[in-house]
């Protein structure tokens with residue numbers, strides 16, 4: 001099952017506004033606590049962290065973060081390139 005927008009919401013809820021840990025600790029948490037598949041966790045993390053850097057005015061308003069610009073709900077197409 002491909003991660004979806006609800007996976008982003010789950011990460012936000014899990015951390016509840018706290019600082020996101022760096023590197024391997026974050027990747028392990030995504031896999032162990034939030035069931036992001038190991039083969040997709042690095043890409044998921046990259047997309048998640050990049051979207052946190054976007055100004056709120058560029059994001060849609062569908063999630064707890066105000067949305068994720070360009071998110072399609074399928075990481076497969078993003079791994080193709």
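Restricting to segment 1-14, give me the number of residues that are at pLDDT 80 or above and either in a loop (DSSP other than H, G, I, E, B) or within 14 Å of residue 51 (Cβ to Cβ) (or both). Looking only at that region, the number is 5.
Applying the condition of being part of a loop (DSSP other than H, G, I, E, B) and touching a helix residue (DSSP H, G or I) at 6+ places or on another chain (Cβ under 8 Å) to segment 35-55 and asking which residue is surrounded by the most Cβ atoms within 10 Å (Cβ to Cβ) yields 36. Scanning segment 1-25 for residues that are crowded, with 17+ Cβ neighbours inside 10 Å and free of Cβ contacts under 8 Å to residues at least 60 places away in the same chain returns 7, 10, 11. Within segment 23-72, being within 18 Å of residue 13 (Cβ to Cβ) and at pLDDT below 80 holds for 59, 61, 62, 63, 64, 65, 66, 67, 68, 71.
The values are calculated or read from the model by the stated rules, or taken from the named source; none is laboratory data. None of these values were measured; they are calculated from a predicted model. Using ideal geometry, Cβ is built from the backbone for each residue, glycine included, and neighbour counts are taken over all protein chains shown.
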